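Below is one structure; the comments refer to it alone.
The values are calculated or read from the model by the stated rules, or taken from the named source; none is laboratory data. On a predicted model such as this, the values are computed, not experimentally measured, just so you know. As a convention, Cβ positions derive from the backbone with ideal geometry for all residues, glycine included, and neighbour counts pool all protein chains shown.
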Amino acid sequence: MAEYYNYIKALHLIFVITWFAGLFYIPRLFVYQIEAFQKPSPEKEILGKQLKLMAKRLWFIITWPSAILALFFAILLLVIMPGWLQQGWMHIKLLFVFLLILYHLKTHQIFKQLQRDEVKYTSKSMRIWNEGSTIILFSVVFLVILKDSLNWVFGVVGIFILAILLMLGIRLYKRIRDKNPEA
């Protein structure tokens, strides 16, 4: 099975990318769905119906299958390279994968609520939620590329700086949008 390692790794990366694409876009659709609920009729119903359909297709045709296939190929890689499980960087990566799975499952819960027209979050909270997958992606990519050479203190500080910059970006966008609703 080792001769198929690069093919399996390529498939793993492809499905990780498509999984993240879904996780990046679905909260954006949530933002639009939540904002559509505040519109007057018939715009509210028309937009709501279309956005639900878009979210459903993205979630079940791209995001869920990609998540399952990314995890399947990851397990195959660990079967081929069991020594990775002895390395510290892999333990940290698996922690981030666990957080990503929790993020995915919580996003699924939000998806189901919005499909039932239950709005429990603000569009601002969904913009912030959208950055969760970005932070996990940055963490995993740097961890996998740098492995043991990663200085954990700088890594942790870097993730916090990234989170702060993302939050500042959200605030800046809100100010711009408040001044110009078409932005």
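For the stretch 27-47, the candidate set comprises residues that are over 24 Å from Leu105 (Cβ atoms) and part of a helix (DSSP H, G or I); within that set, the residue that is nearest to the chain's Cα centre (by Cα) is Glu35. Checked against (1) under 30 Å from Leu172 (Cα atoms); (2) in contact with an Asp or Glu (Cβ under 9 Å, 6 or more places away or on another chain), Trp89 meets all criteria but (1).
Would you check if there is a residue in the stretch 6-21 being among the aromatic types (Phe, Trp, Tyr), more than 24 Å from the chain's Cα centre (by Cα) and farther than 22 Å from Ile110 by Cα? Checked against the condition, which is being among the aromatic types (Phe, Trp, Tyr), more than 24 Å from the chain's Cα centre (by Cα) and farther than 22 Å from Ile110 by Cα, the stretch 6-21 yields at least one hit. Residues in the stretch 102-112: is at least one among the β-branched types (Val, Ile, Thr) and more than 26 Å from Arg177 (Cβ to Cβ)? Looking through the stretch 102-112, none of the residues is among the β-branched types (Val, Ile, Thr) and more than 26 Å from Arg177 (Cβ to Cβ). Taking the stretch 58-109 as the range and being under 14 Å from Ile17 (Cα atoms) and either among the polar types (S, T, N, Q) or not in a helix (DSSP H, G or I) (or both) as the test, the residues that pass are Thr63, Ser66.
Within the stretch 110-125, being at pLDDT 95 or above and either in a helix (DSSP H, G or I) or in contact with a Cys (Cβ under 6 Å, 6 or more places away or on another chain) (or both) holds for Ile110, Phe111, Lys112, Gln113, Leu114, Gln115. Confirm whether Leu95 is over 21 Å from Phe160 (Cα atoms) and surrounded by 12 or more Cβ atoms within 10 Å (Cβ to Cβ). It is false that Leu95 is over 21 Å from Phe160 (Cα atoms) and surrounded by 12 or more Cβ atoms within 10 Å (Cβ to Cβ). Picking from residues in the stretch 126-183 that are part of a helix (DSSP H, G or I) and of a type in the set (Asp, Glu), the one that is modelled with the lowest pLDDT is Asp148. State yes or no: is Leu102 out of contact with any Ser or Thr (no Cβ under 6 Å at 6 or more places or on another chain), free of Cβ contacts under 8 Å to residues at least 12 places away in the same chain, closer than 30 Å to Ala2 by Cβ and surrounded by fewer than 17 Cβ atoms within 10 Å (Cβ to Cβ)? Against the criterion (out of contact with any Ser or Thr (no Cβ under 6 Å at 6 or more places or on another chain), free of Cβ contacts under 8 Å to residues at least 12 places away in the same chain, closer than 30 Å to Ala2 by Cβ and surrounded by fewer than 17 Cβ atoms within 10 Å (Cβ to Cβ)), Leu102 does not qualify.
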